[in-house]
Amino acid sequence: MLARVADNLFWMGRYIERTEHIARYLNVNYFSSLDAPDPRSQSKDFVLRSMMSMAGINPQEETKLKQQEVLYQLGLDPETPISIINAVRNARENALSARDLISTELYEAINKFYHYVNDYPPKTFMKTGLFDFTTHNTEMTAIIRAKMRGTLFHDSIYAIIMMGVNLERAIQITRIIQTKFLDAELSTHDDPEGFRTSYEWTTLLKCAESYDMMRRLYKKQPTSLSTLEFLILNPNCPRSVMNSLNQVYRHVCHLDPSRIKNKASAAFMVGKTRAAYQFMKVEEIESDTGGFIEGILSELSDIGFHLEKEFFSY
């Protein structure tokens, strides 16, 4: 397989996963604010800033945000690199470049998704279509992942795609955690008890589609500690950073088992990172949560860089 084509498969998986998380964040963050127990979390400006922060855009404090402009920018603006429409277009372009290596069913699902997003009326989306558009996005990405698992032979092609999917999942979940951590701090005004039990932790779990799972395991309302433990360290939560790293490690080892013990390899880097989290206690995270989350993002970025350098440089 050409390195260029392998890179297309890797990024196809990443863009599909990125689309889902941005869409769900817009949906959950917006509609959860309607039921929020405190005025700050209900504030439209607070919600819009949270959306932009998750996408990596940090407007000036004095900038007055307009709902329709923010939704358009994050959803259907072709000039915004991180918008949903650009992620879907990039996913389709990468799928098209590797068309002969993926199944017809998978390509057709991606192509159908592309046409849905590309043809969606921006005015409808900005005024009344947020729920419909984002819900359809998350449903279509679930179908595409099912096509990946069910219509591809589980060989190196599948490993490359799923390596991209799981790396992007870890990055997006961490970005959501980072954003909601800052939201919880802002909404509780330096009140430690209020921060620990903030409604933002419930919103965070719903953004990660993990609220029901977490409640069944802990059998209590989410707190800062239980939420961070579940979404970062729990290997059995399919959305956790730990689970995603385990999957990345499995797939990178499938591609080249001989490099596992090479200390300069991506496989060694992933293995070292997941081992550190495997034996970590959530109390260690609590002492410097913000710094720890920044550290995760930095490590995941380094892993992505090494994966591309090792397998896809051309």
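Taking residues in segment 1-17 that are under 19 Å from ALA142 (Cβ atoms), and partners anywhere that are basic (Lys, Arg) and buried (at least 24 other Cβ atoms within 10 Å of the Cβ), the pairs with Cβ atoms closer than 7 Å and at least 6 places apart or on different chains are GLU17/ARG169. Here THR135 fits the description: under 17 Å from SER32 (Cβ atoms) and touching a residue at least 24 places away in the same chain (Cβ under 8 Å). Looking only at residues of segment 12-34 that are in contact with a Phe, Trp or Tyr (Cβ under 9 Å, 6 or more places away or on another chain) and among the aromatic types (Phe, Trp, Tyr), we find that the one that is most open to solvent (accessible area, probe 1.4 Å) is PHE31. Restricting ASN262, ASN246 to residues that are at pLDDT 95 or above and either charged (D, E, K, R) or closer than 30 Å to HIS306 by Cβ (or both) narrows the list to ASN246.
Give segment 27-65 a look and list any residue that's part of a helix (DSSP H, G or I) and polar (S, T, N, Q), or say none.
Those that are part of a helix (DSSP H, G or I) and polar (S, T, N, Q): ASN27, ASN29, SER32, SER33, SER41, GLN42, SER50, SER53.
Listed conditions (1) open to solvent by 20 Å² or more (accessible area, probe 1.4 Å); (2) over 24 Å from LYS272 (Cα atoms); (3) not in a loop (DSSP other than H, G, I, E, B); (4) not charged (D, E, K, R) are all met by PHE153, apart from (3). Where helices (runs of 4 or more DSSP H) fall entirely within segment 175-232, those with at least 2 residues that are open to solvent by less than 70 Å² (accessible area, probe 1.4 Å), out of contact with any Asp or Glu (no Cβ under 6 Å at 6 or more places or on another chain) and under 22 Å from VAL47 (Cβ atoms) are at 192-196, 199-207, 224-228. Starting from residues that are of a type in the set (S, T, N, Q) and in a loop (DSSP other than H, G, I, E, B), keep the ones in segment 66-90 and report whichever is nearest to ASP119 (Cα to Cα). Once the filter is applied, the top-ranked residue is SER83.
Restricting to segment 301-314, give me the number of residues that are open to solvent by less than 10 Å² (accessible area, probe 1.4 Å) and among the small types (Gly, Ala, Ser). Give the derivation first.
Just the residues of segment 301-314 that are open to solvent by less than 10 Å² (accessible area, probe 1.4 Å), to begin with: 303-304, 307, 312.
When the remaining residues are screened for being among the small types (Gly, Ala, Ser), the result is 304.
The number of residues fulfilling the criteria is 1.
Just one of (1) assigned to a loop (DSSP other than H, G, I, E, B); (2) within 21 Å of the chain's Cα centre (by Cα) fails for LYS263. It is (2). Please determine, by comparing only the residues of segment 94-113 that are open to solvent by 40 Å² or more (accessible area, probe 1.4 Å) and touching a Lys or Arg at 6+ places or on another chain (Cβ under 9 Å), which one is modelled with the lowest pLDDT. Checked segment 94-113; the qualifying residue modelled with the lowest pLDDT is SER97. From the list ARG259, ARG250, ARG239, the one residue that fits, being among the basic types (Lys, Arg) and surrounded by 19 or more Cβ atoms within 10 Å (Cβ to Cβ), is ARG239. Take the conditions (1) over 30 Å from MET1 (Cβ atoms); (2) open to solvent by less than 10 Å² (accessible area, probe 1.4 Å); MET148 misses just one of them, which is (1). Candidates in segment 272-300 are the residues that are within 23 Å of ILE260 (Cα to Cα) and in contact (Cβ under 8 Å) with a residue 40 or more places away in the chain; of these, the one that is most open to solvent (accessible area, probe 1.4 Å) is GLN278. Candidates are the residues of segment 80-91 that are at pLDDT 95 or above and not β-branched (Val, Ile, Thr); the one that is most open to solvent (accessible area, probe 1.4 Å) is ARG89. If you go through segment 35-50 and pick out every residue that is under 17 Å from GLU185 (Cβ atoms), in contact with a helix residue (DSSP H, G or I) (Cβ under 7 Å, 6 or more places away or on another chain) and open to solvent by less than 60 Å² (accessible area, probe 1.4 Å), you end up with 6.
The values are calculated or read from the model by the stated rules, or taken from the named source; none is laboratory data. As the structure is a prediction and not an experimental result, all values here were calculated from the model. Here the Cβ is made from the backbone with ideal geometry for all residues, glycine too, and neighbour counts use every protein chain on show. Side chains included, ligands, DNA and RNA excluded: accessible areas come from the protein's heavy atoms. Shrake-Rupley method; radii C 1.70, N 1.55, O 1.52, S 1.80 Å.
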